[in-house]
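Right, one structure below, let's go through it.
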Amino acid sequence: MQVSPVVHQPGHAPQQTVIITQPHAGHTTSSQWGGGVAPPSLQVLAQVPQLMIKREISWIKVCSGWETNAEYQITDAAGNILFRAKEESDVGSRYRLMGTRGFKFRIFDNSNAEVMRVNRHFKACQGMCCALKDYCENEVSVLSPIDQVAGYVHQTNSCCVPKYKIFDSHDREMMKVKGPCCVAFGICGLCCNKQKFDVDSDTISMPNGGGMISKVWSGIIKELLTDSVDFQIDFPPGLDVKGRASMMGAAILVDFNLWYNRRVWGFAVASWISF
């Protein structure tokens, strides 16, 4: 740990001391970054068991219907802001394609440095029931640092429940995500305070059980007047930072597939199909 010196100027009252800590080179173990050292800004992911991902309300969209770039606030369980995610997409895609559009989310830490990206390319047939592998699958790539692939998230074949798989940077399966058959939104969410997407794995050890991505009730005003939603991510114990970053990308993909631009009064069976 390095501590910045405290300097007092003659004739002036001492100012508030600012202590800057820098992690030692070995602060992050190799397992936390899947065989490498995690970027300093992402080391916090190895230290928190849970994240909240909240899509911010666009009042321009609420009042006028004009589609704007989506933004997320990412906090720990105590509400401390860790990251902010900002979408980049063109106006035509947002207006014509809405939730099925391609996008690039740039994720920034509290110093406004870009630490991650989540990318999705538009596919004309994406979201179709029994999506054909490689052609119609909804998928995102997660990059962190921004020029290195941390993982991929793919929609998988399913006509009954929303299912996804998370792959590492070498396209090897890491985790499976399975959601509920019935997805509630708007006022019907009152009967489903937390809609759970279970995360487990056949390939990596999860000795204390798997993780979970949950859509949580965000309040009557937000649920009824907007399509903005909140997600909670519970990480499997021992999961490395790349896996945790990929779960963040999975939450964004689930949001766009299931809740983005949904009518607020409704209850959907297998509503993961994006129209």
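Points worth noting:
- Subset of the range 60-76 (residues that are of a type in the set (A, V, I, L, M, F, W, C) and open to solvent by less than 50 Å² (accessible area, probe 1.4 Å)): ALA70, ILE74
- Selection count where residues are out of contact with any Phe, Trp or Tyr (no Cβ under 8 Å at 6 or more places or on another chain), among the hydrophobic types (A, V, I, L, M, F, W, C) and touching a residue at least 40 places away in the same chain (Cβ under 8 Å), scope the range 111-125: 1
- Restricting the first member to the range 199-222 and to residues that are among the hydrophobic types (A, V, I, L, M, F, W, C), and the second to residues that are open to solvent by 30 Å² or more (accessible area, probe 1.4 Å) and in a helix (DSSP H, G or I), the beta-carbon pairs closer than 9 Å and six or more apart or on different chains are TRP217/LEU190; ILE220/ILE187; ILE220/LEU190.
- Residue within the range 237-258 that is touching a strand residue (DSSP E or B) at 6+ places or on another chain (Cβ under 7 Å), in a strand (DSSP E or B) and either buried (at least 16 other Cβ atoms within 10 Å of the Cβ) or modelled with pLDDT under 85 (or both) present: no
- Annotation: of all residues in the range 77-88 being open to solvent by less than 30 Å² (accessible area, probe 1.4 Å) and not aliphatic (A, V, I, L, M), the one that is farthest from the chain's Cα centre (by Cα) is GLU87.
- In the range 89-109, of all residues being open to solvent by 50 Å² or more (accessible area, probe 1.4 Å) and part of a strand (DSSP E or B), the one that is nearest to LYS54 (Cα to Cα) corresponds to ARG106.
The values are calculated or read from the model by the stated rules, or taken from the named source; none is laboratory data. In this text the structure is predicted, and so the values were computed from the model without any measurement. Don't worry about glycine lacking a Cβ; one is built from the backbone with ideal geometry, like all the others, and counts go over all protein chains shown. Remember, those area values only see protein heavy atoms, side chains included, never the ligands or the DNA or RNA. Shrake-Rupley method; radii C 1.70, N 1.55, O 1.52, S 1.80 Å.
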